[in-house]
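To keep things clear, I will list the structure first and then write my remarks on it.
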Amino acid sequence: MGLLVKNGKIVNADMSFFGDVLSDQGKIVQIGETLTAAPGDEVIDAEGQLLMPGGIDPHTHMELPFMGTVASDDFYTGTRAALAGGTTTIIDFVIPNPQQDLLEAYELWQQKAEKSVADYSFHVAVTWWDESVREAMGVLANEHGVNSFKHFMAYKNAIMADDEVLVNSFKRARELGAICTVHAENGELVFTLQQEMIEQGITGPEGHPLSRPPEVEGEAANRAIEIAHLMNVPIYLVHTSCQQAVDAIARARANGQRVYGEVLPGHLLLDDSVYRNEDWSFAAAHVMSPPFRPKGHQEHLWHGLQSGTLQTTATDHCCFCDPQKRNGIDDFTKIPNGTGGVEDRMQVMWHHGVNSGRLTENEFVAVTSTNTAKIFNIYPRKGVIREGSDADFVIWNPNTTRTISKNTHHQKVDFNIFEGMDVQGLNTVTVSRGEVVYRDGQIFAEGGRGQYVKRPLHSADSQALKLHSAQRKVTPVKRENNY
Ligand code: URP
Ligand code: ZN
Ligand code: ZN
């Protein structure tokens, strides 16, 4: 049975037009002006509404074991919430413990994700280095469709990648045609500043941003970009939160380097005053890294997104409930880092991006779906409404409103960083591979219907590689006077 959506305005990243969309067997099979349904097809009239590609969230952590606890949203509850908010694909992270076999960790994450209701893919983190890691990266890239490797420059004594790991892993990724993704914060600096805060008696959540100032992110962003430059590998900075990091990306891009940046709605809209709230639970619920920043950074992030210096929006969805956050009641360094948002990203970005005039509807599609599909090489299977693409889309009513609240959201967490925010413009229907999985507040999705999305390697650009190594060759200079 097919699905025919009639009379909608189709909004892709490159253009908008009116038309009908017919999907069958999970794919968009026809787009036209007046399509007719076959017997048995489901028909939806989208008059007055938009059809946009389903959201792709390139940064989630479902069921992540982290800082002595496990993220509360798992692949079932978290991807249900994603569908409710119009996100049809997530890219989560396999994070091996130091010394753990990357393939073993990958299999573990595959098992956890079996209950997923939305499509999912994996970045794999490189948290340590030896020859076996080098080999495992090859197997993951060539056999399992992993074309991106993640590096945490923070979280010393846990999953932090030092320069040895970064250099080796970046070099290996270049050989494979993979992209490197980076959490850019200098873990040594964070560690030292955390000790200083505790020594000064600052033990509450207000110590969190003080121990992770923007310079910590700026230093790591610049270092990662320079290493990527010398290793000649594309790099993607996750959760860019401050002016220093945006400027580092802009500089590198202006110099011709392939550098991408991601931003979270939370960093665009919230500031660091949340950590000084007198309610400990409220402040701790916002503890995530990098922290929310002093006000001025937000405008800079918006400008980064508007100008194309930053290309994607994500959520870093990593939920912890209050009892879990309380592990750090006496010491902010022990508060599990993470906030939610996988359900809210699309609507918050529409409201604050499109309704405010900062983004056009086409730019909205680019930053919530298409750019991610392109950077992580699943375009045009995902990220566009086009014949032959997966039938992943939202029917979007730009006039419908919702007040975001923990009391009504589907995310399995007792807090919402956007609590009380009124948003206008939301998905009335979510379609995933041709199935209506969400409609007017109800989710129709069985656990396990989500499919793993393999991502092909980017073809290594041999010309660029040649050019780059030629630039680094030492050319003998004839002895001559230089005065
Ligand atoms: O605080 C955060 N962001 N928690 C999740 C892990 C990470 O750094 O992305
Ligand atoms: Zn991170
Ligand atoms: Zn993360």
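The values are calculated or read from the model by the stated rules, or taken from the named source; none is laboratory data. Since the model is a prediction, treat every value here as computed from it, not as a measurement. Cβ coordinates were reconstructed from backbone atoms using ideal geometry, including for glycine residues, and neighbour counts include every protein chain displayed.
When only residues in region 283-312 that are of a type in the set (Gly, Ala, Ser) and surrounded by fewer than 24 Cβ atoms within 10 Å (Cβ to Cβ) count, which is nearest to residue 331 (Cα to Cα)? First the steps, then the outcome.
From region 283-312, those of a type in the set (Gly, Ala, Ser) are 283-285, 289, 296, 304, 307-308; that's our starting set.
Now restrict to residues that are surrounded by fewer than 24 Cβ atoms within 10 Å (Cβ to Cβ): 283, 289, 296, 304, 307-308.
Details: 283: 13, 289: 16, 296: 28, 304: 34, 307: 40, 308: 39 Å.
Looking at residues that are of a type in the set (Gly, Ala, Ser) and surrounded by fewer than 24 Cβ atoms within 10 Å (Cβ to Cβ), I get 283.
Give the residue that is surrounded by the most Cβ atoms within 10 Å (Cβ to Cβ), with candidates limited to residues of region 168-184 that are among the aliphatic types (A, V, I, L, M) and within 16 Å of ligand 1 (Cβ to nearest atom). So that I can check it myself, show each step before the final result.
Filtering region 168-184 down to residues among the aliphatic types (A, V, I, L, M) leaves 173, 176, 178-179, 182, 184.
Narrowing the set further to residues that are within 16 Å of ligand 1 (Cβ to nearest atom) leaves 182, 184.
Details: 182: 25, 184: 31.
So, considering only residues that are among the aliphatic types (A, V, I, L, M) and within 16 Å of ligand 1 (Cβ to nearest atom), the one surrounded by the most Cβ atoms within 10 Å (Cβ to Cβ) is 184.
Condition first: within 16 Å of ligand 3 (Cβ to nearest atom) and part of a strand (DSSP E or B). Can you find one or more residues in region 154-177 that meet it? Let's see the steps before the verdict.
First, the residues of region 154-177 that are within 16 Å of ligand 3 (Cβ to nearest atom): 154-155, 158-161.
Still in the list and also part of a strand (DSSP E or B): none.
Checked region 154-177: no residue is within 16 Å of ligand 3 (Cβ to nearest atom) and part of a strand (DSSP E or B).
Given the condition out of contact with any Lys or Arg (no Cβ under 6 Å at 6 or more places or on another chain), part of a helix (DSSP H, G or I), free of Cβ contacts under 8 Å to residues at least 12 places away in the same chain and over 15 Å from residue 180 (Cβ atoms), answer yes or no: does some residue in region 118-130 qualify?
No, that holds for no residue.
When only residues in region 232-242 that are of a type in the set (S, T, N, Q) and either surrounded by 24 or more Cβ atoms within 10 Å (Cβ to Cβ) or within 16 Å of ligand 3 (Cβ to nearest atom) (or both) count, which is farthest from the chain's Cα centre (by Cα)? Spell out how you get there, then give the answer.
In the first step, residues of region 232-242 are kept if they are of a type in the set (S, T, N, Q); the result is 232, 240-241.
Subset that is either surrounded by 24 or more Cβ atoms within 10 Å (Cβ to Cβ) or within 16 Å of ligand 3 (Cβ to nearest atom) (or both): 240-241.
Values: 240: 11, 241: 13 Å.
Per the stated criteria, the residue is 241.
Would you list the strands (runs of 3 or more DSSP E) that sit entirely within region 1-92 and hold 2 or more residues that are of a type in the set (D, E, K, R)?
Details: elements: 3-11, 16-24, 27-32, 42-45, 50-53, 55-60.
Result: 3-11, 16-24, 42-45.
Using the structure shown, decide if residue 90 is at pLDDT 95 or above, farther than 28 Å from residue 436 by Cβ, buried (at least 18 other Cβ atoms within 10 Å of the Cβ) and within 16 Å of ligand 1 (Cβ to nearest atom). If you could, list the steps in order and put the result at the bottom.
Details: at pLDDT 95 or above: yes; farther than 28 Å from residue 436 by Cβ: no; buried (at least 18 other Cβ atoms within 10 Å of the Cβ): yes; within 16 Å of ligand 1 (Cβ to nearest atom): yes.
The answer is no for residue 90.
Just checking, how many residues over region 252-266 are in a helix (DSSP H, G or I) and either without any contact (Cβ under 8 Å) to a residue 24 or more places away in the chain or under 16 Å from the mean Cα position of the chain (by Cα) (or both)? Step through it out loud before you land on a result.
From region 252-266, those in a helix (DSSP H, G or I) are 252-254, 265-266; that's our starting set.
Those still in the list that are either without any contact (Cβ under 8 Å) to a residue 24 or more places away in the chain or under 16 Å from the mean Cα position of the chain (by Cα) (or both) too: 254, 265-266.
Residues flagged as in a helix (DSSP H, G or I) and either without any contact (Cβ under 8 Å) to a residue 24 or more places away in the chain or under 16 Å from the mean Cα position of the chain (by Cα) (or both) within region 252-266 amount to 3.
Could you grab me the full set of residues in region 181-205 that are within 14 Å of ligand 2 (Cβ to nearest atom) and not in a helix (DSSP H, G or I)? Spell out how you get there, then give the answer.
Restricting attention to region 181-205, the residues satisfying the condition of being within 14 Å of ligand 2 (Cβ to nearest atom) are 181-187, 190.
Once the filter is applied, which keeps residues that are within 14 Å of ligand 2 (Cβ to nearest atom) and not in a helix (DSSP H, G or I), region 181-205 yields 181, 182, 183, 184, 185, 186.
Which ranges mark the helices (runs of 4 or more DSSP H) fully within region 318-420 that have 2 or more residues being under 16 Å from the mean Cα position of the chain (by Cα) and buried (at least 19 other Cβ atoms within 10 Å of the Cβ)? Don't jump to the end; show me each part of the working.
Working: elements: 322-325, 345-349, 361-365, 371-375.
Here the list reads 345-349, 361-365, 371-375.
Which one of these is surrounded by fewer than 20 Cβ atoms within 10 Å (Cβ to Cβ), modelled with pLDDT of 95 or more and touching a helix residue (DSSP H, G or I) at 6+ places or on another chain (Cβ under 8 Å): 106, 120? Even if it seems obvious, please write down each step before you answer.
Working: 120 fails: surrounded by fewer than 20 Cβ atoms within 10 Å (Cβ to Cβ).
When all the criteria are applied, what remains is 106.
What is the residue count in region 275-323 for residues that are closer than 20 Å to residue 155 by Cα and within 16 Å of ligand 3 (Cβ to nearest atom)?
13
On the basis of being within 16 Å of ligand 3 (Cβ to nearest atom) and part of a helix (DSSP H, G or I), does residue 229 make the cut?
When the stated conditions are applied, residue 229 does not pass them.
Filter region 250-274 for residues that are of a type in the set (S, T, N, Q) and surrounded by fewer than 16 Cβ atoms within 10 Å (Cβ to Cβ); which is farthest from residue 153 (Cα to Cα)?
Step one: of region 250-274, the residues of a type in the set (S, T, N, Q) are 255, 257, 273.
Keeping just the survivors that are surrounded by fewer than 16 Cβ atoms within 10 Å (Cβ to Cβ) gives 255, 273.
Working: 255: 24, 273: 25 Å.
Among those residues, the one meeting the criterion is 273.
In region 39-66, which residue that is touching a helix residue (DSSP H, G or I) at 6+ places or on another chain (Cβ under 6 Å) and at negative phi is farthest from ligand 2 (Cβ to nearest atom)?
Taking region 39-66 and keeping what is touching a helix residue (DSSP H, G or I) at 6+ places or on another chain (Cβ under 6 Å), we get 52-53, 55-56, 58, 62-63.
Filter once more, so that each one left must be at negative phi: 52-53, 55-56, 58, 62.
Numbers: 52: 27, 53: 26, 55: 20, 56: 18, 58: 12, 62: 15 Å.
Filtering region 39-66 for residues that are touching a helix residue (DSSP H, G or I) at 6+ places or on another chain (Cβ under 6 Å) and at negative phi, the one farthest from ligand 2 (Cβ to nearest atom) comes out as 52.
In this structure, is residue 219 more than 27 Å from residue 295 (Cβ to Cβ) and in a helix (DSSP H, G or I)? Before the answer, list the steps.
On the way: more than 27 Å from residue 295 (Cβ to Cβ): no; in a helix (DSSP H, G or I): yes.
Taking the combined requirement at face value, the residue does not satisfy it.
Quick one: which residue in 99, 111 is in a loop (DSSP other than H, G, I, E, B), out of contact with any Gly (no Cβ under 6 Å at 6 or more places or on another chain), at pLDDT 95 or above and not small (Gly, Ala, Ser)?
Details: 111 fails: in a loop (DSSP other than H, G, I, E, B).
After applying the criteria, what remains is 99.
Among the listed residues 68, 40, 8, 48, identify the single one that is surrounded by 18 or more Cβ atoms within 10 Å (Cβ to Cβ) and either more than 16 Å from ligand 3 (Cβ to nearest atom) or polar (S, T, N, Q) (or both).
Numbers: 68 fails: surrounded by 18 or more Cβ atoms within 10 Å (Cβ to Cβ); 40 fails: surrounded by 18 or more Cβ atoms within 10 Å (Cβ to Cβ); 48 fails: surrounded by 18 or more Cβ atoms within 10 Å (Cβ to Cβ).
Result: 8 is the single residue among 68, 40, 8, 48 that is surrounded by 18 or more Cβ atoms within 10 Å (Cβ to Cβ) and either more than 16 Å from ligand 3 (Cβ to nearest atom) or polar (S, T, N, Q) (or both).
Hey, does region 424-433 have a residue that's over 22 Å from the mean Cα position of the chain (by Cα), assigned to a strand (DSSP E or B) and surrounded by fewer than 15 Cβ atoms within 10 Å (Cβ to Cβ)?
Initially, region 424-433 is screened for residues over 22 Å from the mean Cα position of the chain (by Cα), giving 424, 428-429.
Still in the running and assigned to a strand (DSSP E or B): 424, 428-429.
Right, trim to surrounded by fewer than 15 Cβ atoms within 10 Å (Cβ to Cβ) and you get none.
No, region 424-433 has no match at all.
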